[in-house]
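The values are calculated or read from the model by the stated rules, or taken from the named source; none is laboratory data. None of the values given here were measured: they were computed from a predicted structure. Protein only, heavy atoms only, side chains kept; ligands, DNA and RNA dropped before computing areas. Shrake-Rupley method; radii C 1.70, N 1.55, O 1.52, S 1.80 Å.
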Amino acid sequence: NIMLSGEAPLANRTMSDLREMQEFLEYEIYRRDGTIAFSNYETLDFVNMFQDKIMFSKTPRIENSMIEEYGFAEVLEFKTPTVKLHEDLQEMEYYFPILNYADCRLCHGDDHFVRGIAHFRISVSDVYEKVASTRNILSVFFLIVGAAIFTWTVLMLRRIVIRPVNSIGSVVAQVGTGNLDLQIDMKQKDELGVLSGRINRMIEGLKNSKLLELEKARIETRLEESRKYLDNIREGLLLLNRDYI
């Protein structure tokens with residue numbers, strides 16, 4: 001837009017202002033042949049010869065230089081902007097084509113679709129610093145959250161799994177010593193709850209079996225006493241015990 005008014009000095013001052021910004025490391029406009037714009041009067045002479053409505057006067061030029069970067073040739077070939085990130089330098093490099101629009105062709109002619117290329121490098125070190133700071137904050141945050149989740153998980157495992165398993169193991173160990181007057185007090189409805197119910201039924205079954213065995217032993221003892229009584233009726237003797245009392 002600055003060039004549409006034919007203000008080359010204003011364009012130079014604008015670029016100088018941009019160079020003074022801390023983030024801008026380099027800002028230049030190059031011609032198609034790679035020479036820096038506003039370094040000589042070649043374009044100015046062409047414009048004055050191409051049109052006779054406005055004659056532009058010669059203003060101070062900037063130091064001449066050339067660019068031979070790959071990005072420059074790439075933009076000329078594909079006519080699209082190119083952005084390159086240099087992570088080692090923490091810089092970003094931009095190549096933007098200056099297209100030869102209809103208003104531009106009034107002074108520069110229509111020999112080329114791309115009039116030149118704007119090239120500048122900016123520092124993204126502050127972005128890297130913010131990313132590093134954010135990464136550290138997130139690392140600490142996730143570390144704290146991870147520790148909290150781990151602690152919560154351990155406590156829940158102790159409550160849901162370890163404590164019930166220890167309770168079941170304690171009851172089973174006492175049952176192994178012969179104590180059948182125990183029951184597992186567990187109201188969970190998960191697998192451990194089902195297991196506890198089965199163990200309780202097993203203990204109840206063992207207890208019933210033991211009671212049946214005792215009852216069977218008592219019955220057999222009574223039968224044995226009755227048999228001795230019957231065996232001694234004919235002799236008129238009643239054997240009460242081994243001491244004959």
Treat region 68-135 as a sphere of radius equal to its Kirkwood radius over Cα pairs and apply Stokes-Einstein at 20 °C in a medium of 1.002 mPa s; give the translational diffusion coefficient in µm²/s, rounded to a whole number. 155
For region 129-183, the Rg and Dmax computed from alpha carbons only, in angstrom: 21.8, 71
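Is the C-alpha gyration tensor of region 68-211 telling us rounded, prolate or oblate? Criteria: a/c under 1.5 is rounded; beyond that, a/b larger than b/c is prolate, otherwise oblate. Mind showing how you got there, number by number?
Details: a/c = 7.68, a/b = 4.59, b/c = 1.68.
Since a/c reaches 1.5 and a/b is larger than b/c, the shape of region 68-211 is classed as prolate.
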Ranked order, Met15, Met21, Met49 - accessible area, probe 1.4 Å, largest first: Met49, Met21, Met15
List Glu215, Glu26, Glu191, ordered by accessible area with a 1.4 Å probe, largest first: Glu191, Glu215, Glu26
Cα centroids of region 174-199 and region 108-134: how far apart, whole angstrom? 74
